[in-house]
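Written below as structure tokens is the structure these notes are about.
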Amino acid sequence: MYLMYHEEIESLKTHLPEIKRIRFWMTFGDAYIMHLNVLQAVGMTRIDPVWYEGKEIIPLQFLAAVLPKPETLGETTKGNTNIGVIATGEALDGSGEKTFYIKNICSHEAAYEETGNQAVSYTTGVPAMIGAAMMVRGDWRGEGVFNIEQMDPDPFMDMLNAHGLPWTVEEMDGPVGF
């Protein structure tokens with residue numbers, strides 16, 4: 001599990017300033033990390049231009065052009081995604097501090113069976129579709145650009161349950177230590 005930067009951290013801190021600490025973690029398999037380390041070691045993850053055969057190229061863009069496209073990975077991707085939030089705060093009823101784990105588990109195989117894509121594509125596309133539906137239905141409205149945390153989450157979360165991304169809530173014994 002790796003502590004990483006993600007733009008959601010900036011948005012959450014901006015729109016929910018009462019949050020005292022935000023961390024974004026991702027897990028990767030050993031093979032993925034080994035391949036990434038090799039690509040970094042040979043300079044293929046660079047984003048600055050290099051000259052190759054009289055042309056300027058950006059190694060990471062070249063790499064993206066030669067790697068398999070995500071839409072071709074559905075049939076061979078196995079296992080599950082786990083997207084979750086661990087939140088600690090004061091209980092609304094005044095009973096003290098509580099920690100909850102809100103998560104969605106999505107099967108790559110089930111996503112492929114339904115859509116022909118793996119679960120990463122599914123867990124990216126379905127929330128975007130729900131957000132668009134919320135705007136069309138008028139559940140979310142306003143002028144300008146908004147981030148999701150500025151909107152009422154309840155109808156969005158209800159639609160996740162109805163459109164293949166059910167979530168669960170587990171109360172934890174206490175805050176996590178990382």
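The values are calculated or read from the model by the stated rules, or taken from the named source; none is laboratory data. Given the structure is predicted, the values throughout are model-derived calculations rather than measurements. Because the Cβ atoms are built from the backbone with ideal geometry, glycine has one as well, and the counts that use them run over all protein chains shown. The accessibility values were calculated without ligands, DNA or RNA, using every heavy atom of the protein model including side chains. Shrake-Rupley method; radii C 1.70, N 1.55, O 1.52, S 1.80 Å.
Listed values, structure above:
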read-out	value
Share, in percent, of DSSP beta bridges within the chain that are antiparallel, nearest 5	100
Gaussian network model of the chain, springs between alpha carbon atoms under 10 Å - residue of TYR32, TYR101, TYR122 with greatest fluctuation	TYR32
Residues in the range 114-151 reached by a label modelled at PHE24 [backbone nitrogen below 14 Å; 7 Å Cα→Cβ]	148-149
Contact order normalised by residue count of the chain, Cα under 8 Å, 6+ apart, percent	18
Most mobile of GLU71, GLU90, GLU53 in a GNM of the chain (Cα contacts under 10 Å)	GLU53
Helix-derived mean residue ellipticity, 222 nm - over the chain, DSSP H n ≥ 4, -39500 (n - 2.57), to 500	-11000 deg cm²/dmol
Relative contact order of the range 71-129, pairs being alpha-carbon contacts under 8 Å that are 6 or more residues apart, as %	38
Accessible area of the range 1-155 belonging to carbon and sulfur atoms, whole % at 1.4 Å probe	59
Pairwise centroid distance, computed over Cα atoms, of the range 1-53 with the range 125-142, Å	28
Taking all pairs of distinct alpha-carbon atoms in the range 72-119, Kirkwood radius in angstrom	12.7
Cα convex hull of the range 65-178, projected area averaged across orientations, nm²	10.6
Charge dipole of the chain about the Cα centre (unit charges at C-beta), most positive-ward option of GLY174, GLY29, LEU16	GLY29
The chain - accessible surface per residue (Å², probe 1.4 Å)	73
Translational diffusion coefficient (Stokes-Einstein; Kirkwood radius from C-alpha pairs) of the range 1-123 at 20 °C, 1.002 mPa s, in µm²/s	118
Pairwise label distance in nanometres, ILE33 with HIS15, each label 7 Å out on the Cα-Cβ vector	3.3
Quotient of C-alpha Rg and 2.2 N^0.38 Å, computed over the range 1-55	1.69
Principal-axis tilt of helix 119-137 within the chain, Cα atoms, nearest 10 degrees	50
